[in-house]
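Data block below; observations after.
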Amino acid sequence: MYFLALLVCFIVSILITPLVKKFAYRIGATDKPNHRKVHQATMPRLGGLAIYISFLVGIFMLNPETPASFAILLGSLIIVITGICDDLFELSAKIKLMGQLAAALTVVFFGDIQVNFINLPFGAQLEFGLLSIPFTIFWIVGITNAINLIDGLDGLAAGVSSIALFTISGMALIQGNMYVVAVGTIVLMSTLGFLFYNFHPASIFMGDTGALFLGFIISVLSLLGYKNVTFISFIIPVIILGVPISDTIFAILRRIINNQPLGAPDKSHLHHCMLRMGYSHRQTVLIIYAMAAFFGLVAVIYSQAKIGGAIFLIGVVILLIELIAEKIGLMGKDFHPLLKFFRSLRFATAKNRS
């Protein structure tokens, strides 16, 4: 029954996406090109509705249960309605944030999903106390927006989300968390079916309906899979979502450095920088897929490492992320502190040798 449900989700997504495309054109849920957009023609952008409908079919067939099941479904409905309204009317950032907060508050208060504490190395414990609710809400809203931010090229958000869902589901299977496995793979197959139409050259965009839904469900599943565990384990979902999280962090740093509002849009995200470097649309997407897969692999290795090895691995990954960010100009063309340090070090070494 499980594999049949996954197959049905995949097929439903493939069959229903063309209908959603026609519906999007009919109600005016389209994305018109402008100076910030990569596409050159008006595109339907309600594709996330096909993912959500396929997801509901899978949930109906498998009926996976956990104490927070109803709250998660209600939260996902709130986030999807927010996305549909934005795809139709282009909501302001404040209104979208209100919708995201409403969805997050639903799973926190009605689903009792909270990160209350983290077990630190050497027997210590970090208690969040009154900060557990704000921290959990911050995680859900943050990851939801991180997925939304990388939705800038054909198939990018859908592919990166699929890789994250595959990794989260696989690690949940190892841990025996079958609810996360069921929901994660249902969303995965629904997204892969949609990706048939969304990969370059796309005929439909997922829009905020899809990006917000995927971000929300990924953030919640990662909390269900790793809440109230060790510090080492809690870092795992951060690694799995390394691409959207790092792109979001660098976007914030970039705006702080350039004295811009944090919500100001720009064309300096990871995919924009790679396009400027000369990579084609498809090459850029595939390279970022490879990055996401790399983070997934690192997360698996990290989960099996001892404390010392895990800390060393995180240090190497952070250093690698910073070097790549400076190399491609994620924080601006002239902001290369680490690269300048290595150049000066190399220059000093060469000078001493001579």
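The values are calculated or read from the model by the stated rules, or taken from the named source; none is laboratory data. Given the structure is predicted, the values throughout are model-derived calculations rather than measurements. FYI the Cβ positions are ideal-geometry reconstructions off the backbone, even for glycines, and counts take in every protein chain you see.
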Q) Of all residues in the range 300-336, which are within 21 Å of ILE245 (Cβ to Cβ) and modelled with pLDDT under 75? A) MET331, GLY332, PHE335
Q. Tell me, which helices (runs of 4 or more DSSP H) lie completely within the range 255-330 with 1 or more residues that are within 20 Å of the chain's Cα centre (by Cα), of a type outside the set (Gly, Ala, Ser) and within 29 Å of ILE174 (Cβ to Cβ)?
A. 281-304, 307-328
Q) Can we say MET61 is touching a Cys at 6+ places or on another chain (Cβ under 9 Å) and of a type outside the set (Gly, Ala, Ser)? A) yes
Q: Report, by residue number, each residue of the range 184-206 that is surrounded by 24 or more Cβ atoms within 10 Å (Cβ to Cβ) and among the hydroxyl-bearing types (Ser, Thr, Tyr).
A: THR185, SER190, THR191
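Select from the range 31-65 the residues that are of a type in the set (S, T, N, Q) and modelled with pLDDT of 90 or more and write down the one among them that is farthest from CYS273 (Cα to Cα).
Here is the first cut: in the range 31-65, the ones of a type in the set (S, T, N, Q) are 34, 40, 42, 54, 63.
With the extra rule that they be modelled with pLDDT of 90 or more, the set shrinks to 54, 63.
Values: SER54: 34, ASN63: 43 Å.
Applying the filter and picking the extreme gives ASN63.
Modelled with pLDDT under 90, of a type in the set (A, V, I, L, M, F, W, C), buried (at least 24 other Cβ atoms within 10 Å of the Cβ) and touching a helix residue (DSSP H, G or I) at 6+ places or on another chain (Cβ under 7 Å): is that true of VAL220 in this structure?
Details: modelled with pLDDT under 90: no; of a type in the set (A, V, I, L, M, F, W, C): yes; buried (at least 24 other Cβ atoms within 10 Å of the Cβ): yes; touching a helix residue (DSSP H, G or I) at 6+ places or on another chain (Cβ under 7 Å): yes.
The answer is no for VAL220.
Considering ILE137, ILE186, which residue is touching a residue at least 12 places away in the same chain (Cβ under 8 Å), in contact with a Cys (Cβ under 6 Å, 6 or more places away or on another chain) and farther than 30 Å from LEU323 by Cβ?
Values: ILE137 fails: in contact with a Cys (Cβ under 6 Å, 6 or more places away or on another chain).
Going through ILE137, ILE186 in turn, the sole match is ILE186.
Working carefully through the options ALA157, ALA211, ALA164, ALA202, find the one that is within 19 Å of GLY75 (Cβ to Cβ), in contact with an Asp or Glu (Cβ under 9 Å, 6 or more places away or on another chain) and among the small types (Gly, Ala, Ser). Break it down stepwise before answering.
Working: ALA157 fails: within 19 Å of GLY75 (Cβ to Cβ); ALA164 fails: in contact with an Asp or Glu (Cβ under 9 Å, 6 or more places away or on another chain); ALA202 fails: within 19 Å of GLY75 (Cβ to Cβ).
Only one candidate passes the filter, namely ALA211.
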